[in-house]
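The values are calculated or read from the model by the stated rules, or taken from the named source; none is laboratory data. Nothing here was measured: the structure is a model prediction, and the numbers come from that model. Glycine gets a Cβ as well: all are built from the backbone with ideal geometry, and neighbour counts include every protein chain shown.
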Amino acid sequence: MYFPPDANCLRSVADHCVRSVDYINVIISDKQKHLQYLPMDEAIAHCTKGIGIWSWASNDDYGTEPDKPDVVMACCGDVPTMESLAATAILREKFPELKVRFVNVVDLFKLVLETEHSHGLSDWDFDSLFTKDKPVIFNFHGYPWLIHKLVYRRSKQERIHVRGYKEEGNINTPLELAINNQIDRFNLIIDVINRVPKLGSATAHVNEV
């Protein structure tokens, strides 16, 4: 099940799917216009892995100290990716001391243990992306409980907070639908504020706004 975040990723995923044999592939993609985040070569590399850290959206110096981020902003789906990126940009502007890691998921089954699904990640690989104990704010295109079911055997799963579709809204603009289901950038920022202790009282005025 694939959730490409932009057009180049959609092209890469579609190419993979039409070439595959003995698979049932599902691609979830919006009909709205979206920003283009990755050039074609990077999109192919990202979709081939199925999951990855977007270093250009992060400021945690990934690779030097694996557990350095204060929070992991994760997303799966085109609108959730857009809103998570917007939330991350605001957080980095308002709280420059906050270390944020941005993880994008294309292949949903990367979240599953490798012993349970051929696309799954080992615990070591999962922890290298999401850390072992830092809060994870996961923005998802579908029902939030699905993510909890997929990661239920991962370390300290209670730290993984998922936003997703809650059957709210109908024929709306993408932003209105996002706000109704609390997957918008503002709710994500509040989630981070409520779950990162180091921000403390410095965030009081932001919560009020």
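Among the residues of region 28-54, those that are loosely packed, with under 15 Cβ neighbours inside 10 Å and at pLDDT 95 or above comprise 36, 39, 40, 41, 45, 48, 49.
Taking the conditions (1) among the aliphatic types (A, V, I, L, M); (2) touching a Phe, Trp or Tyr at 6+ places or on another chain (Cβ under 6 Å); (3) surrounded by fewer than 17 Cβ atoms within 10 Å (Cβ to Cβ) in turn, residue 57 satisfies each one other than (3). Among the residues of region 86-110, count how many are more than 19 Å from residue 49 (Cα to Cα) and either of a type in the set (Gly, Ala, Ser) or surrounded by 22 or more Cβ atoms within 10 Å (Cβ to Cβ) (or both). Of the residues in region 86-110, 6 are more than 19 Å from residue 49 (Cα to Cα) and either of a type in the set (Gly, Ala, Ser) or surrounded by 22 or more Cβ atoms within 10 Å (Cβ to Cβ) (or both).
When residue 81 is tested against the conditions (1) more than 21 Å from residue 120 (Cβ to Cβ); (2) among the β-branched types (Val, Ile, Thr); (3) surrounded by fewer than 18 Cβ atoms within 10 Å (Cβ to Cβ), the lone failure is (3). Has region 79-93 got any residue that is touching a Pro at 6+ places or on another chain (Cβ under 7 Å) and touching a residue at least 40 places away in the same chain (Cβ under 8 Å)? Checked region 79-93: at least one residue is touching a Pro at 6+ places or on another chain (Cβ under 7 Å) and touching a residue at least 40 places away in the same chain (Cβ under 8 Å). Cβ separations smaller than 6 Å between residues 6+ apart or across chains give the following pairs from region 113-139 residues that are on the phi < 0 side of the Ramachandran plot to residues that are basic (Lys, Arg) and part of a strand (DSSP E or B): 139/163.
Between 129, 177, 146, the distinction of being within 30 Å of residue 34 (Cα to Cα) and more than 16 Å from the chain's Cα centre (by Cα) belongs to 177 only.
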